[in-house]
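S.K.: What follows is a single structure, and I will ask about it in a moment.
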Amino acid sequence: MSCGMWSLAAAYHVLWHVVRQAQHGRALRETERDEALEDQELGRVRCVQEIQGQVRRGPTLLRCRRLEKAEQCVYEDMELIVTDDGMREVEQADLALAHERRRMGELRVERPLDFWIRSVSFDKPSALREQMNSMGWPDRVLARHWEFGFSAKELMKIFVCLPPYLQQVTRRALHAVEIIMADKIEKQSRRVEDHLLMGGGETEVKPDLEVDRAFYDQQTFGLIKQHLHPSTGQRAHVFVSDKTCKLVGLHVEEMLARLANRELSLMSTEFSYFCYVMFGTWSFAVRPGQPMTLLLRLRNFSNEMGAGCAFTRVIQQQEFDSYGRVKAMKTFLVPVERGEYESAVMPWEGSSTRIQMHLNAGRDYEAWKSDFVSDLYADETIIGMQKSREGMQRLYALAEDLERMYQPFLELAEKILHERMGQETGRPWVGSDCNAMGGEREERRTEV
């Protein structure tokens, strides 16, 4: 009997504890529910006690009452401050200060800083220039093109993929100009060396960059000015105006960065760029110091494909130092409307008109503009032109005109080599790589 009574008492005691725990759990759930409702009514705005203690749970007036801090619990119209356990104390203080200033109306959001830089300096040599020289292409004639900042892969693809006959014509023409330039530089080298030994500098470009910014930054035409080291032809500085960046659809800082990293894509088709190189070299050799003018479709990179274009008159002019060496190259980019385009492509005798006819291939304003996308990616790539009969005809026609234009330079280079060989050996020198042009022309015509 005694054992039964003890068992009953123990069971009653256990039941009493179970009931008490259930009541306590129900009370906690009701408290949490009340806290959640109060959180919604207060918009989850934390009270002062939670801000000071950095409590991570939501705000609750009942919690402050339970902790006997109800008198100190004051809500203010403040925004939520997101805290992070790993945040440094300085960052927490900055957030709190910014929050307080925003609440008091003292915080003002400023616009981004003005990017006023329009030029960039260079000090690394061009790997593309060394590679193309090792492949037999002349150095000084093409130096400014290798050095400017265009994509090395795109430039190399143009000259390496030329058809055999056009490549032979191009190599001989450029080598002839290279011989003439080397002879001219050699004759002036003594005076230049004496000047440099006396303390004269090669080029003063810093003041020029400020002048460029002052005069050309707000013009209606674009300007790209490439400063070179006169003795080596290596790029020194480049200046680009705001209008230039708007024409090509790039921000100034992006364009300067691409130029510095030598990764700017060509701003025209491959065929147009090749014509620009060959005609520019011929023009500056025939008329040193005189501007060269071409009408080109300038590529716009603003969309993802970078397939937009703007008709632009490219006017390029050299700047020389006191010894006749090229120290800078100015390129003006002038937007062209329909009327100017039609007058620019009117047929008349002249080498510049012949090159312009190769560029637009007899197309009118609308046709030349609408064909830009297909020309950029297929029809005027050097490889793409060799896949069609029309493209091959355009390449061979260009080769014949280049051969005719550069023939005087071939003869002058032949004469210079003849004199040089005669001075070295004391007897007349006969024969040259330059005199094989005519025979190869006849051979090429026979094959066609």
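S.K.: Which order do V240, V160 fall in if you start with the one that has the fewest other Cβ atoms within 10 Å?
M.R.: Lowest to highest Cβ neighbour count: V160, V240.
S.K.: Same structure, new question: Whole-Hz Karplus ³J(HN,Hα) for region 244-250, in order, using 6.51 cos²θ - 1.76 cosθ + 1.60 and θ = phi - 60°, x for Gly and Pro?
M.R.: Taking θ as phi minus 60°, the curve returns 4, 5, 5, 5, 8, x, 10 Hz for region 244-250.
S.K.: Here's something else I'd like to know. Could you work out how far the C-alpha centroid of region 306-332 sits from that of region 239-289, in angstrom?
M.R.: 8
S.K.: Using 7 Å Cα-to-Cβ label points, what is the D183/Q317 separation (nm, one decimal)?
M.R.: 3.0
S.K.: Another question, then. Amide H to amide H, which residues 5 or more places from Q234 or on other chains are under 5 Å from it, using H placed in the peptide plane?
M.R.: So Q234 has HN proximity to H229.
S.K.: For C309, enumerate residues with amide H under 5 Å from its amide H, sequence gap 5+ or separate chain, H modeled in the peptide plane.
M.R.: N300
S.K.: Relative to the compact-globule scaling 2.2 N^0.38 Å, provide the ratio for the alpha-carbon radius of gyration of region 257-372.
M.R.: For region 257-372, the normalised Cα radius of gyration is 1.14.
S.K.: Can you compute 3J(HN,Hα) from phi for each residue in region 226-238, using the Karplus curve 6.51 cos²θ - 1.76 cosθ + 1.60 with θ = phi - 60°, rounded to whole Hz and x for Gly and Pro?
M.R.: 9, 8, 10, 7, x, 7, 10, x, 6, 5, 10, 9, 9
S.K.: Return the sequence-ordered ³J(HN,Hα) values of region 283-297 in whole Hz as given by the Karplus equation 6.51 cos²θ - 1.76 cosθ + 1.60 applied to θ = phi - 60°, using x for Gly and Pro.
M.R.: 5, 6, 6, 7, 10, x, x, 8, x, 10, 10, 9, 9, 10, 8
FYI, it's all coordinate maths here, none of it is from the lab. Please read these numbers as outputs of a predicted model, since none were measured by experiment. Every residue, glycine as well, gets a Cβ built from its backbone with ideal geometry; the counts of neighbours run over all protein chains shown.
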